[in-house]
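Remarks on the structure that follows.
The values are calculated or read from the model by the stated rules, or taken from the named source; none is laboratory data. What you see is a predicted model, and the numbers here were worked out from it, not measured in a lab. Quick reminder, even Gly has a Cβ in these numbers, built from the backbone with ideal geometry, and neighbours come from all protein chains shown.
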Amino acid sequence: MPFYDTDAMGVVHHARYVHYLELARVRLLEEHHRPYTDYVERGLHFAVTRLGLDYHRGVGFDARLAVTAWLTWVRGASLGVGYAITENGTPVITAMTEHALVDRAGRPRRIPLEDRRGLQKLVAPGQPG
């Protein structure tokens, strides 16, 4: 972790984890579905509607973290994402976010059928689709 992500106690500040979740979510879409910019070009955004984090232990400067993200469910206009942040295989954070697809004005929109079908294929095994 870079020094600027740590707080006065020398551990990664709790708010920074939300940033790491976003980076992982964007990478998940880019590598397994389509770049988030494709949605933006169509005037669509996945707005965060819910966020939950469980902190298992703190990490300090120069920690090497792995962030894993997966889809937990996809519905008509929303989706859920699960996350695990680890250091050398040891849990640091488990988290979840929920998102609603909205247009530029913030109005809810259904996920286009082709996208919804593609996203549903990415729901992690054992998760309700």
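Taking segment 28-38 as the range and being in contact (Cβ under 8 Å) with a residue 40 or more places away in the chain and either closer than 12 Å to L71 by Cα or not charged (D, E, K, R) (or both) as the test, the residues that pass are L28, H32, H33.
A count restricted to segment 98-114 and to residues that are within 19 Å of the chain's Cα centre (by Cα) and small (G, A, S) stands at 1.
Being closer than 17 Å to H32 by Cβ, in contact (Cβ under 8 Å) with a residue 40 or more places away in the chain and in contact with a Phe, Trp or Tyr (Cβ under 9 Å, 6 or more places away or on another chain) holds for only one residue in L65, L79, L53, and it is L79. Here the condition is being under 16 Å from H99 (Cβ atoms), modelled with pLDDT of 95 or more and assigned to a loop (DSSP other than H, G, I, E, B); of R50, R34, R27, it holds for R34 alone.
For segment 22-67, taking the residues that are among the hydroxyl-bearing types (S, T, Y) and more than 17 Å from L119 (Cα to Cα), the one that is nearest to the chain's Cα centre (by Cα) is identified as T49. For segment 92-129, filtering for residues that are in a strand (DSSP E or B) and not aliphatic (A, V, I, L, M) leaves 6.
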